[in-house]
Protein chains: 4
Amino acid sequence: MSVNKVILVGNLGKDPELRYTASGTAVANFSLATTERFKDRDGNSQEKTEWHNIVAWRQLAEICGKYLTKGRQVYIEGKIQTRSYEDRDGNKRYITEIVADQMQMLGRAGDDNSGGGGGGYQRREPRQERSGGGSNNQPRQTEYEEPPFNPDDDIPF
Amino acid sequence: MSVNKVILVGNLGKDPELRYTASGTAVANFSLATTERFKDRDGNSQEKTEWHNIVAWRQLAEICGKYLTKGRQVYIEGKIQTRSYEDRDGNKRYITEIVADQMQMLGRAGDDNSGGGGGGYQRREPRQERSGGGSNNQPRQTEYEEPPFNPDDDIPF
Amino acid sequence: MSVNKVILVGNLGKDPELRYTASGTAVANFSLATTERFKDRDGNSQEKTEWHNIVAWRQLAEICGKYLTKGRQVYIEGKIQTRSYEDRDGNKRYITEIVADQMQMLGRAGDDNSGGGGGGYQRREPRQERSGGGSNNQPRQTEYEEPPFNPDDDIPF
Amino acid sequence: MSVNKVILVGNLGKDPELRYTASGTAVANFSLATTERFKDRDGNSQEKTEWHNIVAWRQLAEICGKYLTKGRQVYIEGKIQTRSYEDRDGNKRYITEIVADQMQMLGRAGDDNSGGGGGGYQRREPRQERSGGGSNNQPRQTEYEEPPFNPDDDIPF
DNA sequence: TTTT
DNA sequence: TTTT
């Protein structure tokens, strides 16, 4: 009976960090900037950047680690989650993160903004770009044929 | 490299129709009304209702067939799809539908508006209400423990 | 070139707090719970609740203050924002909030769960319930007539 | 009490058509392709493209007319609307459209896929690219100062 | 602190 | 055909 959904389009602040838990599960972290432009009371253009902590798990983590680079523009769909941790002084702190369940690279392949000579995307992963989408990847029926079975679909409990 | 996402909160115009394909796959259809209110140029309140054709497949279809009733308020997440068919005169026609991949019943259990003696929800399905959510159902990690494996997650290709 | 959008359906943990800035601008704060259910590795049903800090400004703040009560189910659309403040020890802390730009009361009027004798919603505001929607309030054209101009975009009544 | 929201990221099939109603209101139309990739039962990669009819009004129409070109990748937020019309034989037909209330150009300026020598975006509008965002344009408060009033909500510049 |  |  509830919904917790986040949709972001922004640019990576750094290359993702890809790590593995003790049991071998992949987890990727990166920060994503969204910037809004607005006019202040004096009519001057202003902008404000918000930084989001993104975390991805398992296959999506692997894809983020392989294909995303600093500056890259991505679409992220996920949910908001706040978790607690202890800082060095033993105080309980909270951090809010976006747990991604879909990621789509935007712009064209090779179109990252990492600047400099190397050209981020190609360097990270020379293979052809592939979609990082998740539950959006269901096949579609045509004329009410049954859609091909998709294990990602519709598992409600 | 693309996103096709629809989010609706509205009321069912009728009980869903639950059918099965030749191969036994469940498919549910229902119409969903969303109504917006606005003021016209004269400042008079107006409203306009939009009717959406919703289609759900497999487990989500079964849940819709069991638990949803006319008048019920639901949250639907899915994608837009236009398919073609031939009308009785052999002309090609198009119909746009929302292929649901998540459904959440809103309001409280038993809070449907089917009127009449029986009380719609209970009559349709006396068992305990259960969430019809899909990909929102992933577990969440706490303090960066690895989340329990969820086969619905993150299958990007 | 960026998008920062949050969609929540959840229940208020308490009645909203409505305050005014020095210059007279209304601001409402409330916490909203979203709960997800999932099965753990042992197949046992689990649930996890996430608490979201919601902030609304101006007219939407007034509406939240008037009509929302503890337990009420609402739809919130807004954006994520992290702001900093100093705690009592002078340390910089961060808090992530959802700045609402749309709110819709879900369920039926009078359908709140504040319990107690009076019946929360009615007690808070005896007038007829009205939609708190924002930018969803645009009129719609019919057959490509020009839609009536709507000065009320983002103004809920 | 209802929500009708669509979020699309896709590519324009053609340059937009910008027209004006008798009373001088701008309206832009264009088609937008979203493509999903999936694997069929045999494990072969498939893709399916969905075409969406987008309509924008007033300032957003002008911006679309000025800045968007065939092939350009955009983010669209809006609502679903079905309107009726009569075909040449006098039969009532229906068309489903997305009425946009926000548009964001994705990728980098100059990054359109119109191919050919000229380079679509620059040719259409030599001025600096500007955000086409709408209600996302609200300013954000810092440390609970009142946000600057923004008359530009839903007005893109 | 909510809700099912 | 729903709902407020």
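Miscellaneous remarks
- Any hit, the stretch C:22-34, residues being without any contact (Cβ under 8 Å) to a residue 40 or more places away in the chain, out of contact with any Ser or Thr (no Cβ under 6 Å at 6 or more places or on another chain), away from DNA strand E (no atom under 12 Å from the Cβ) and of a type in the set (Val, Ile, Thr): yes
- Scanning the stretch B:1-16 for residues that are open to solvent by 20 Å² or more (accessible area, probe 1.4 Å) and within 9 Å of another protein chain (Cβ to nearest Cβ) yields a count of 2.
- In a residue-by-residue description of the stretch C:72-86, the property of being farther than 24 Å from A:Thr49 by Cα, touching a strand residue (DSSP E or B) at 6+ places or on another chain (Cβ under 7 Å), within 16 Å of DNA strand F (Cβ to nearest atom) and basic (Lys, Arg) applies to at least one position.
- The stretch B:40-54: number of residues that are in contact with an Asp or Glu (Cβ under 7 Å, 6 or more places away or on another chain) and over 16 Å from D:Thr96 (Cβ atoms): 2
- Boolean, A:Gly107 is surrounded by fewer than 22 Cβ atoms within 10 Å (Cβ to Cβ), within 12 Å of chain D (Cβ to nearest Cβ) and farther than 21 Å from C:Ser84 by Cα: yes
- Candidates are the residues of the stretch C:40-50 that are within 14 Å of DNA strand E (Cβ to nearest atom) and within 25 Å of A:Ile95 (Cα to Cα); the one that is surrounded by the fewest Cβ atoms within 10 Å (Cβ to Cβ) is C:Glu47.
- Within the stretch C:68-99, the residues that satisfy the criterion of being closer than 21 Å to D:Ser2 by Cα, within 16 Å of DNA strand E (Cβ to nearest atom) and either within 12 Å of chain A (Cβ to nearest Cβ) or assigned to a strand (DSSP E or B) (or both) are C:Gln73, C:Val74, C:Tyr75, C:Ile76, C:Ile98.
- Tally, over the stretch A:5-16, of residues that are touching a Phe, Trp or Tyr at 6+ places or on another chain (Cβ under 7 Å) and either among the charged types (D, E, K, R) or free of Cβ contacts under 8 Å to residues at least 60 places away in the same chain (or both): 3
- Single match in A:Asp101, A:Asp87 (criterion: buried (at least 22 other Cβ atoms within 10 Å of the Cβ) and either among the small types (Gly, Ala, Ser) or out of contact with any Phe, Trp or Tyr (no Cβ under 7 Å at 6 or more places or on another chain) (or both)): A:Asp101
- Filter result for the condition that a residue is out of contact with any helix residue (DSSP H, G or I) (no Cβ under 9 Å at 6 or more places or on another chain) and within 14 Å of chain B (Cβ to nearest Cβ), over C:Thr35, C:Thr21: C:Thr35
- Residues in the stretch B:25-41 that are within 22 Å of B:Lys70 (Cβ to Cβ) and of a type in the set (Val, Ile, Thr): B:Val27, B:Thr34, B:Thr35.
- Any chance B:Ile63 is buried (at least 21 other Cβ atoms within 10 Å of the Cβ), touching a residue at least 40 places away in the same chain (Cβ under 8 Å), hydrophobic (A, V, I, L, M, F, W, C) and within 14 Å of chain D (Cβ to nearest Cβ): no
- Tally, over the stretch B:17-39, of residues that are within 28 Å of C:Met103 (Cα to Cα) and either of a type outside the set (Gly, Ala, Ser) or open to solvent by 70 Å² or more (accessible area, probe 1.4 Å) (or both): 8
- Qualifying residue in the stretch B:51-67 (condition: on the phi > 0 side of the Ramachandran plot, in contact with a Lys or Arg (Cβ under 8 Å, 6 or more places away or on another chain) and within 16 Å of DNA strand E (Cβ to nearest atom)): no
The values are calculated or read from the model by the stated rules, or taken from the named source; none is laboratory data. What you see is a predicted model, and the numbers here were worked out from it, not measured in a lab. Cβ atoms come from the backbone with ideal geometry, glycine included; neighbour counts cover every protein chain shown. Remember, those area values only see protein heavy atoms, side chains included, never the ligands or the DNA or RNA. Shrake-Rupley method; radii C 1.70, N 1.55, O 1.52, S 1.80 Å.
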